[in-house]
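The values are calculated or read from the model by the stated rules, or taken from the named source; none is laboratory data. It should be emphasised that the depicted structure is a prediction, and the values quoted were computed from it without experimental measurement. With ideal geometry, Cβ positions are generated from the backbone for all residues, glycine too; neighbour counts draw on all protein chains shown. Just the protein is used for accessible areas: all its heavy atoms, side chains included, with ligands, DNA and RNA removed. Shrake-Rupley method; radii C 1.70, N 1.55, O 1.52, S 1.80 Å.
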Amino acid sequence: VGNYKRTVKRIDDGHRLCNDLMNCIHERARIEKVYAQQLTEWAKRWKQLVEKGPQYGTVERAWCAFMSEAEKVSELHLEVKGSLMNEDFEKIKNWQKEAFHKQMMGGFKETKEAEDGFRKAQKPWAKKLKEVEAAKKAYHAACKEEKLAISRETNSKADPALNPEQLKKLQDKVERSKQDVLKTKEKYEKSLKELDNATPQYMENMEQVFEQCQQFEEKRLRFFREVLLEVQKHLDLSNVASYKNIYRELEQNIKTADAVEDLRWFRANQGPGMSMNWPQFEEWSADLNRTLSRREKKKAADGVTLTGINQTGDQVSQPNKHSSSLSVQSNTVQSVQSSYNPFEDEEDTGSTVSEKEDNKIKNVSSYEKNQSYPTDWSDEESNNPFSSTDANGDTNPFDEDTPPTMEVRVRALYDYEGQEQDELSFKAGDELTKMENEDEQGWCKGRLDNGQVGLYPANYVEPIQ
């Protein structure tokens, strides 16, 4: 009696198991999301490192294919996360809501119905069982009383002091106890028979309620199996065509890596096969052959000699030829002056510096590689050599209101692949904006049309005419 509560409790356990399964799927979805994010971050970071690093050619593309694979796999795992939460999780949640109905007083309607059904089916049999227990107790008590009476009668016969009247009472007691045993035994047997007769109906009624609980549990078990199969399909990327294509494409990209091709490319672009800038004969010019010293941004540096600055169109050296000296063509200067000319007050527009300053040592700011030096002298220097009125003209062209640098459009003469993170990469013919002129290491600071700012070799570009 009352053992049906285990079956009733199973209904409540079914509701809790739905919650457990939802929590299980939710945690897996969170893992899928975190893994996808980590793949994306890893791919982004290493793609930048490889592109900015020294690796080149087909092997670089094969290496970068791993990052592309990670990005695509990341997308697939985000889809897995979406499927788990939007389909499987919601499906369990909706099924639980439809299968279990909460009551106002707490608990579930299905639990109460099962418990009421079991109690109703068991109540008649439980009542008869109670009667059997009472009859058994009475019968056992009568048997005990009979045995005690017989024992007293036997002992009295051996006692000579006991009078016949007392002996008669003990004998009557034994007789009555025997009659009580017969009556209680008959009643016990009768109640037990009635219980046995009621047992088949009791079992039928109980099994009927139990089968209803079994059917309810069967729905839950079948639903769980269905959901778990769907979860398995969502997690199994091996059967996804796009997943297979990712690794098929990755394998193809890796196999396209060709050491011979990379060596040939490096020879043509970074080795003996690249365009050479052989020294060319340059006429000596007293007007422009002067020495300027640069002042480092933080500490003083040795003087730098600027040579080969051609003054007139007749003296322009061959374009595309760049030696270690800085060559500025006259038409370049004129192009710059058209937008902003710091020497606009000078009388001689064909010369950038007057003869009066030929032998003066000028201090200009100098930057490190990652902070390139502008060859358009800055007015930020406290000891500006042009602060006096020595230059041609009455006003100082390097006043504080004069911009320290000027931007010039230039065109790439050769392909260049940035070797550091702060370097630009471009192809021959690409146009960019020069923001700061050449520093003492031969680097300029510029900006590509996509907004990227960085350094590039000064002798790899020419001004746009």
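What's the extension gain from LEU229 to GLU165 if we count 0.36 nm per residue and subtract their Cα-Cα distance?
My answer for the length gained is 14.0 nm.
A full extension of the chain between GLN37 and LYS130 corresponds to an added length of 26.7 nm, given 0.36 nm per residue minus the alpha carbon distance. Counting only other residues whose beta carbon sits under 14 Å from that of ASP172, what net charge do I get with K and R as +1, D and E as -1? Computed value for this residue: 0. Taking a straight line from the alpha carbon of LYS137, these lysines sit under 19 Å away, with near neighbours fewer than eight places off in the same chain left out: LYS127, LYS128, LYS147, LYS178, LYS183, LYS185, LYS187, LYS190, LYS193. Gain on full extension, evaluated as 0.36 nm per residue between LYS44 and LEU17 minus their Cα-Cα distance, stands at 5.7 nm. Excluding same-chain neighbours fewer than eight residues apart, the lysines reachable from LYS72 by a Cα-Cα span under 16 Å are LYS33, LYS44, LYS47, LYS81, LYS244. Sequentially through the stretch 433-448, phi angles give Karplus couplings (6.51, -1.76, 1.60; θ = phi - 60°) of 10, 7, 9, 9, 7, 5, 9, 6, 8, x, 10, 10, 9, x, 9, 6 Hz, Gly and Pro residues having no value and appearing as x. Note on the stretch 1-56: Kirkwood hydrodynamic radius from all Cα pairs is 15.4 Å, rounded to one decimal. The heavy atoms of ASP449 offer some 110 square angstrom of accessible surface to a 1.4 angstrom probe.
In Å³ and rounded to a whole number, note down the convex hull volume per residue for the Cα atoms of the stretch 92-161.
Spelled out: Cα convex hull of the stretch 92-161, divided by residues, is 142 Å³.
Give, as a single signed number, the net charge of other residues whose beta carbon lies under 13 Å from the beta carbon of ALA257, with Lys and Arg counted +1 and Asp and Glu -1. Write down the numbers at each step before the final one.
Details: positive: ARG61, LYS255; negative: GLU60, GLU251, ASP258, GLU261, ASP262.
For residues surrounding ALA257, the net value is -3.
Size descriptors for the stretch 195-263, from the alpha-carbon set: Rg then Dmax equal 29.7, 99 Å. For labels at ASP196 and LYS120 in the simple 7 Å Cα→Cβ model, what's the distance in nm? Each label point lies 7 Å from its Cα, and together they span 3.1 nm. In the stretch 34-64, whose amide N lies under 17 Å from the spot 7 Å out along Cα-to-Cβ of ALA268? List them in ranges. Zone members listed by number: 56-61. For LYS219, the lysines whose Cα comes closer than 26 Å to its Cα, not counting residues fewer than 8 places off in the same chain, are LYS5, LYS9, LYS91, LYS93, LYS97, LYS102, LYS109, LYS112, LYS120, LYS233. Place a point 7 Å from the Cα of MET105 along the Cα-to-Cβ direction; which residues of the stretch 118-136 have their backbone N under 16 Å from it? Answer for this model: 119-120.
Per-residue 3J(HN,Hα) values for the stretch 418-424, derived from phi via the Karplus relation 6.51 cos²θ - 1.76 cosθ + 1.60 with θ = phi - 60°, read x, 8, 10, 5, 9, 10, 8 Hz in sequence order (x marks Gly and Pro).
Computed from point charges on the beta carbon alone (+1 for Lys and Arg, -1 for Asp and Glu), the dipole magnitude for the stretch 109-209 about its Cα centre is near 300 Debye.
Residue ranges 413-420, 430-437, 256-263 sort as 430-437, 413-420, 256-263 when ordered by packing (mean number of other C-beta atoms within 10 Å per residue, highest first).
Solvent exposure of TRP443, expressed as accessible area, is near 40 Å², computed with a probe of 1.4 Å over the protein chains only.
Taking Lys and Arg as +1 and Asp and Glu as -1, the other residues whose beta-carbon sits under 13 Å from that of GLU41 total +3.
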